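J.: Below: one structure in C-alpha cells.
The values are calculated or read from the model by the stated rules, or taken from the named source; none is laboratory data. Only a predicted model underlies this, so the values are computations on that prediction, with no experimental measurement involved. Because the Cβ atoms are built from the backbone with ideal geometry, glycine has one as well, and the counts that use them run over all protein chains shown.
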Amino acid sequence: MTGTDGPSVLVVDDHPEIAHLVRLVLASSGFRAVTAGSAEAAVVAYADARKFDLVVTDVTLADRPGPALVAELGHPIGRTLFISGHARERFEGTSADLPLGAAFLQKPFGPAALLAFLRGML
C-alpha cells in the first residue's frame, strides 16, 4: 500500500500498465492503493486487507467479469467504479452487464475524471 491516512482503494485490471497508472494517480492524491492483476488476486487482496473503501475494476477481466468479482467480494456497488475501453452499452445483456446504478468510466480517462468519480463515492 502507499500512503497511510487516505481512503483505501483496490484497483483491479489485467493490463498492468493501466493498474500501475491508476495506482500512481491515486497515491499522488492521498489514496492508499493496492493493485491486483486478476480477479483471483483481487479476492486474495480483499481478504488480506479486510476492508477497502473503494474498488476500481475493469469490466472484462480475463478470469471473470468485473461485476461478478464485485458480487463475490460483497463490496457495495455505490463504492465501486467500473472501467473499460468499451462503451457501457456493449455489456448490456452479457455476463459483464453492470448492476443498476453502477458507476462507469470509459478508457481512456484522465486523472481529474478518475478522482472526481472516486471522491464523489466517499
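J.: Anything in segment 92-122 that is assigned to a loop (DSSP other than H, G, I, E, B) and either closer than 18 Å to VAL25 by Cβ or touching an Asp or Glu at 6+ places or on another chain (Cβ under 7 Å) (or both)? List them, or say none.
T.: Within segment 92-122, LYS107, PRO108, PHE109, GLY110, LEU122 qualify.
J.: Can you say whether ALA103 is under 13 Å from the mean Cα position of the chain (by Cα), over 18 Å from GLY120 (Cα atoms) and modelled with pLDDT of 95 or more, as far as the supplied structure shows?
T.: Values: under 13 Å from the mean Cα position of the chain (by Cα): yes; over 18 Å from GLY120 (Cα atoms): no; modelled with pLDDT of 95 or more: yes.
No; evaluated as a whole, the condition is false for this residue.
J.: Could you check THR94 against (1) under 18 Å from ALA33 (Cα atoms); (2) of a type in the set (Val, Ile, Thr); (3) more than 14 Å from the chain's Cα centre (by Cα) and say which number it fails?
T.: (1)
J.: Related question: In the list ALA45, ALA113, ALA62, which residue meets the criterion of being among the small types (Gly, Ala, Ser) and either in contact (Cβ under 8 Å) with a residue 40 or more places away in the chain or touching a His at 6+ places or on another chain (Cβ under 6 Å) (or both)?
T.: Among ALA45, ALA113, ALA62, only ALA62 is among the small types (Gly, Ala, Ser) and either in contact (Cβ under 8 Å) with a residue 40 or more places away in the chain or touching a His at 6+ places or on another chain (Cβ under 6 Å) (or both).
J.: Out of all the residues in segment 83-96, is one or more in contact with a strand residue (DSSP E or B) (Cβ under 7 Å, 6 or more places away or on another chain), touching a residue at least 24 places away in the same chain (Cβ under 8 Å) and under 21 Å from ARG23 (Cα atoms)?
T.: yes
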